[in-house]
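Peer 1: First the structure, which I've put down as C-alpha coordinates, then a few questions once you've had a look.
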Amino acid sequence: MVWLTASVLVPPGVPLAELVMPQFAPCFVAGMTIHLIRRSGPSVPLWALLAGSWLVSLFRVRERVLFANPGFPVPVRPALLIITLAYGVLLAVALGATDRWNWRPLAVAGAVSYPFYLLHPRVGFTMMRYAHERVGLPAPVLLVAAVAALLALAWLVHRLVERPLTPALRRLIAAGPRDAVVRRPPRQPAPRSTSR
(Lines give C-alpha, C1' and ligand atoms only; values in the text may rest on other atoms or scores of the structure.)
Protein backbone atom coordinates (compact mmCIF):
# COMPACT_ATOMS: atom_id res chain seq x y z
CA MET A 1 0.00 0.00 0.00
CA VAL A 2 2.87 2.36 0.85
CA TRP A 3 4.59 1.75 -2.48
CA LEU A 4 1.39 2.30 -4.47
CA THR A 5 0.60 5.49 -2.54
CA ALA A 6 4.13 6.80 -3.00
CA SER A 7 3.92 6.10 -6.74
CA VAL A 8 0.95 8.46 -6.91
CA LEU A 9 2.21 11.17 -4.55
CA VAL A 10 5.92 11.42 -5.35
CA PRO A 11 6.39 14.14 -7.99
CA PRO A 12 8.31 13.21 -11.13
CA GLY A 13 11.89 14.41 -11.43
CA VAL A 14 12.83 14.07 -7.76
CA PRO A 15 15.43 11.44 -6.79
CA LEU A 16 12.84 9.42 -4.85
CA ALA A 17 10.88 8.89 -8.07
CA GLU A 18 13.74 6.75 -9.39
CA LEU A 19 13.26 4.42 -6.42
CA VAL A 20 9.46 4.44 -6.47
CA MET A 21 9.16 3.88 -10.27
CA PRO A 22 5.68 5.45 -10.60
CA GLN A 23 5.11 4.10 -14.12
CA PHE A 24 5.63 0.47 -13.11
CA ALA A 25 4.84 0.39 -9.38
CA PRO A 26 1.11 -0.40 -9.76
CA CYS A 27 1.90 -3.49 -11.87
CA PHE A 28 4.46 -4.77 -9.35
CA VAL A 29 2.08 -4.11 -6.44
CA ALA A 30 -0.71 -5.89 -8.34
CA GLY A 31 1.55 -8.88 -8.93
CA MET A 32 2.39 -9.14 -5.23
CA THR A 33 -1.27 -8.72 -4.29
CA ILE A 34 -2.37 -11.44 -6.71
CA HIS A 35 0.30 -13.71 -5.23
CA LEU A 36 -1.10 -13.05 -1.73
CA ILE A 37 -4.63 -13.78 -2.97
CA ARG A 38 -3.39 -17.06 -4.43
CA ARG A 39 -1.50 -18.02 -1.28
CA SER A 40 -3.88 -16.84 1.45
CA GLY A 41 -7.22 -16.36 -0.29
CA PRO A 42 -9.04 -13.12 -1.03
CA SER A 43 -9.77 -10.55 1.67
CA VAL A 44 -11.18 -7.03 1.73
CA PRO A 45 -7.73 -5.35 2.12
CA LEU A 46 -6.32 -7.37 -0.78
CA TRP A 47 -9.33 -6.61 -2.99
CA ALA A 48 -8.92 -2.91 -2.18
CA LEU A 49 -5.20 -2.98 -2.94
CA LEU A 50 -5.78 -4.80 -6.22
CA ALA A 51 -8.53 -2.35 -7.25
CA GLY A 52 -6.26 0.59 -6.40
CA SER A 53 -3.41 -0.93 -8.40
CA TRP A 54 -5.72 -1.46 -11.37
CA LEU A 55 -6.94 2.15 -11.31
CA VAL A 56 -3.43 3.56 -11.03
CA SER A 57 -2.31 1.18 -13.82
CA LEU A 58 -5.04 2.55 -16.10
CA PHE A 59 -3.93 6.10 -15.38
CA ARG A 60 -0.25 5.30 -15.91
CA VAL A 61 -0.77 3.37 -19.15
CA ARG A 62 -2.92 6.22 -20.45
CA GLU A 63 -0.04 8.61 -19.71
CA ARG A 64 2.46 6.34 -21.42
CA VAL A 65 0.34 5.96 -24.55
CA LEU A 66 -0.40 9.68 -24.82
CA PHE A 67 3.24 10.69 -24.38
CA ALA A 68 4.80 7.81 -26.30
CA ASN A 69 6.41 8.67 -29.58
CA PRO A 70 6.57 5.54 -31.71
CA GLY A 71 6.33 7.68 -34.85
CA PHE A 72 2.58 7.25 -35.36
CA PRO A 73 -0.58 7.95 -33.34
CA VAL A 74 -1.53 5.27 -30.81
CA PRO A 75 -5.10 4.99 -29.47
CA VAL A 76 -5.56 4.80 -25.70
CA ARG A 77 -8.58 2.46 -25.48
CA PRO A 78 -6.81 -0.74 -26.59
CA ALA A 79 -4.14 -0.18 -23.93
CA LEU A 80 -6.79 0.22 -21.23
CA LEU A 81 -8.53 -2.93 -22.43
CA ILE A 82 -5.28 -4.93 -22.48
CA ILE A 83 -4.41 -3.86 -18.92
CA THR A 84 -7.90 -4.76 -17.70
CA LEU A 85 -7.78 -8.16 -19.43
CA ALA A 86 -4.35 -8.86 -17.94
CA TYR A 87 -5.64 -8.11 -14.44
CA GLY A 88 -8.68 -10.32 -15.05
CA VAL A 89 -6.66 -13.27 -16.35
CA LEU A 90 -4.12 -13.12 -13.51
CA LEU A 91 -6.88 -12.83 -10.95
CA ALA A 92 -8.67 -15.85 -12.45
CA VAL A 93 -5.42 -17.83 -12.17
CA ALA A 94 -4.96 -16.72 -8.56
CA LEU A 95 -8.49 -17.78 -7.68
CA GLY A 96 -7.89 -21.25 -9.10
CA ALA A 97 -9.85 -21.06 -12.35
CA THR A 98 -6.97 -22.67 -14.26
CA ASP A 99 -5.79 -25.19 -11.67
CA ARG A 100 -6.96 -28.19 -13.70
CA TRP A 101 -5.48 -27.01 -16.99
CA ASN A 102 -2.58 -29.16 -18.12
CA TRP A 103 -1.72 -27.78 -21.53
CA ARG A 104 1.96 -27.66 -22.53
CA PRO A 105 1.73 -24.45 -24.64
CA LEU A 106 0.73 -22.58 -21.45
CA ALA A 107 3.99 -23.66 -19.81
CA VAL A 108 5.92 -22.46 -22.86
CA ALA A 109 4.03 -19.15 -22.78
CA GLY A 110 4.96 -18.72 -19.13
CA ALA A 111 8.60 -19.52 -19.89
CA VAL A 112 8.88 -16.92 -22.67
CA SER A 113 6.98 -14.20 -20.81
CA TYR A 114 10.00 -12.85 -18.92
CA PRO A 115 12.35 -12.65 -21.94
CA PHE A 116 9.47 -11.02 -23.82
CA TYR A 117 9.08 -8.49 -21.00
CA LEU A 118 12.80 -7.68 -21.06
CA LEU A 119 13.02 -7.37 -24.85
CA HIS A 120 9.85 -5.49 -25.75
CA PRO A 121 10.75 -1.90 -24.70
CA ARG A 122 13.91 -1.60 -26.75
CA VAL A 123 13.67 -4.20 -29.49
CA GLY A 124 9.92 -3.99 -30.06
CA PHE A 125 9.64 -0.20 -30.13
CA THR A 126 12.74 0.09 -32.32
CA MET A 127 11.35 -2.44 -34.80
CA MET A 128 7.99 -0.70 -34.95
CA ARG A 129 9.47 2.77 -35.38
CA TYR A 130 11.89 1.60 -38.08
CA ALA A 131 9.23 -0.36 -39.99
CA HIS A 132 6.81 2.57 -39.86
CA GLU A 133 9.36 5.14 -41.04
CA ARG A 134 11.01 2.97 -43.72
CA VAL A 135 8.15 0.81 -44.96
CA GLY A 136 5.09 2.79 -43.93
CA LEU A 137 3.15 -0.16 -42.54
CA PRO A 138 -0.09 0.67 -40.66
CA ALA A 139 -0.03 0.49 -36.86
CA PRO A 140 -2.13 -2.73 -36.47
CA VAL A 141 0.18 -4.62 -38.86
CA LEU A 142 3.24 -3.25 -37.05
CA LEU A 143 1.87 -4.36 -33.69
CA VAL A 144 1.08 -7.91 -34.80
CA ALA A 145 4.43 -8.27 -36.60
CA ALA A 146 6.38 -6.89 -33.62
CA VAL A 147 4.61 -9.20 -31.15
CA ALA A 148 5.24 -12.22 -33.40
CA ALA A 149 8.92 -11.32 -33.84
CA LEU A 150 9.38 -10.68 -30.10
CA LEU A 151 7.71 -13.98 -29.20
CA ALA A 152 10.11 -15.81 -31.50
CA LEU A 153 13.10 -13.94 -30.08
CA ALA A 154 11.93 -14.52 -26.49
CA TRP A 155 11.58 -18.24 -27.21
CA LEU A 156 15.15 -18.32 -28.57
CA VAL A 157 16.45 -16.55 -25.45
CA HIS A 158 14.59 -19.04 -23.26
CA ARG A 159 15.79 -22.06 -25.25
CA LEU A 160 19.39 -21.01 -25.89
CA VAL A 161 20.21 -18.95 -22.78
CA GLU A 162 17.86 -19.61 -19.87
CA ARG A 163 17.51 -23.38 -20.16
CA PRO A 164 21.23 -24.13 -20.51
CA LEU A 165 22.17 -21.79 -17.64
CA THR A 166 19.39 -22.78 -15.20
CA PRO A 167 21.07 -25.91 -13.75
CA ALA A 168 24.33 -24.06 -13.08
CA LEU A 169 22.50 -21.14 -11.46
CA ARG A 170 20.47 -23.52 -9.27
CA ARG A 171 23.65 -25.23 -8.09
CA LEU A 172 25.23 -21.86 -7.33
CA ILE A 173 22.17 -20.70 -5.37
CA ALA A 174 21.92 -24.02 -3.51
CA ALA A 175 25.60 -23.78 -2.53
CA GLY A 176 24.89 -20.61 -0.59
CA PRO A 177 27.14 -17.60 -0.11
CA ARG A 178 29.51 -19.28 2.37
CA ASP A 179 30.31 -22.22 0.10
CA ALA A 180 30.73 -19.97 -2.91
CA VAL A 181 33.57 -18.04 -1.27
CA VAL A 182 37.02 -19.51 -1.80
CA ARG A 183 38.46 -20.15 1.62
CA ARG A 184 42.10 -20.02 2.52
CA PRO A 185 43.51 -23.02 4.39
CA PRO A 186 43.97 -22.44 8.13
CA ARG A 187 47.31 -21.03 9.14
CA GLN A 188 49.71 -23.53 10.63
CA PRO A 189 51.52 -22.48 13.81
CA ALA A 190 55.14 -21.59 13.28
CA PRO A 191 57.51 -24.43 14.29
CA ARG A 192 59.29 -23.90 17.58
CA SER A 193 62.97 -23.38 17.44
CA THR A 194 64.97 -26.19 19.12
CA SER A 195 68.26 -24.32 19.18
CA ARG A 196 69.40 -22.74 22.45
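Peer 1: Enumerate the pairs (first residue in the range 59-75 and surrounded by 15 or more Cβ atoms within 10 Å (Cβ to Cβ); second residue anywhere and modelled with pLDDT under 75 and assigned to a loop (DSSP other than H, G, I, E, B)) with beta-carbon separation below 8 Å, excluding pairs fewer than 6 apart on the same chain, so at least 6 apart or on different chains.
Peer 2: Partner pairs satisfying both residue conditions: Val65/Val74; Val74/Ala68.
Peer 1: So is Leu143 under 21 Å from the mean Cα position of the chain (by Cα) and within 26 Å of Leu49 (Cβ to Cβ) or not?
Peer 2: No; evaluated as a whole, the condition is false for this residue.
Peer 1: So is Glu18 among the acidic types (Asp, Glu), over 19 Å from the mean Cα position of the chain (by Cα) and assigned to a helix (DSSP H, G or I) or not?
Peer 2: Judged against the criteria, Glu18 is not a match.
Peer 1: I would also like to ask the following. Quick check: is even one residue across the range 144-167 in contact with a Phe, Trp or Tyr (Cβ under 8 Å, 6 or more places away or on another chain), at pLDDT below 75, at negative phi and surrounded by 10 or more Cβ atoms within 10 Å (Cβ to Cβ)?
Peer 2: no
Peer 1: Something else now. Please count how many residues of the range 25-54 are surrounded by fewer than 16 Cβ atoms within 10 Å (Cβ to Cβ), touching a residue at least 12 places away in the same chain (Cβ under 8 Å) and within 23 Å of Arg77 (Cα to Cα).
Peer 2: Adding up the residues that qualify gives 2.
Peer 1: What are the residue pairs meeting all of these: first residue in the range 126-140, first residue within 14 Å of Leu150 (Cα to Cα), second residue surrounded by 15 or more Cβ atoms within 10 Å (Cβ to Cβ) and of a type outside the set (A, V, I, L, M), Cβ atoms under 7 Å, and 6 or more apart or on different chains?
Peer 2: Between residues of the range 126-140 that are within 14 Å of Leu150 (Cα to Cα) and residues that are surrounded by 15 or more Cβ atoms within 10 Å (Cβ to Cβ) and of a type outside the set (A, V, I, L, M), the close pairs are Met128/Pro70.
Peer 1: Could you list, in sequence order, the residues of the range 1-15 that are touching a residue at least 40 places away in the same chain (Cβ under 8 Å), in a helix (DSSP H, G or I) and out of contact with any Gly (no Cβ under 7 Å at 6 or more places or on another chain)?
Peer 2: Correct list: Ser7, Val8.
Peer 1: Mind checking which helices (runs of 4 or more DSSP H) fall wholly inside the range 32-138 and carry at least 3 residues that are in the same structural domain as Ala154 (by TED's automatic domain parsing) and aliphatic (A, V, I, L, M)?
Peer 2: Correct list: 104-119, 125-134.
The values are calculated or read from the model by the stated rules, or taken from the named source; none is laboratory data. The structure displayed is predicted, hence computed values, not measured ones. FYI the Cβ positions are ideal-geometry reconstructions off the backbone, even for glycines, and counts take in every protein chain you see.
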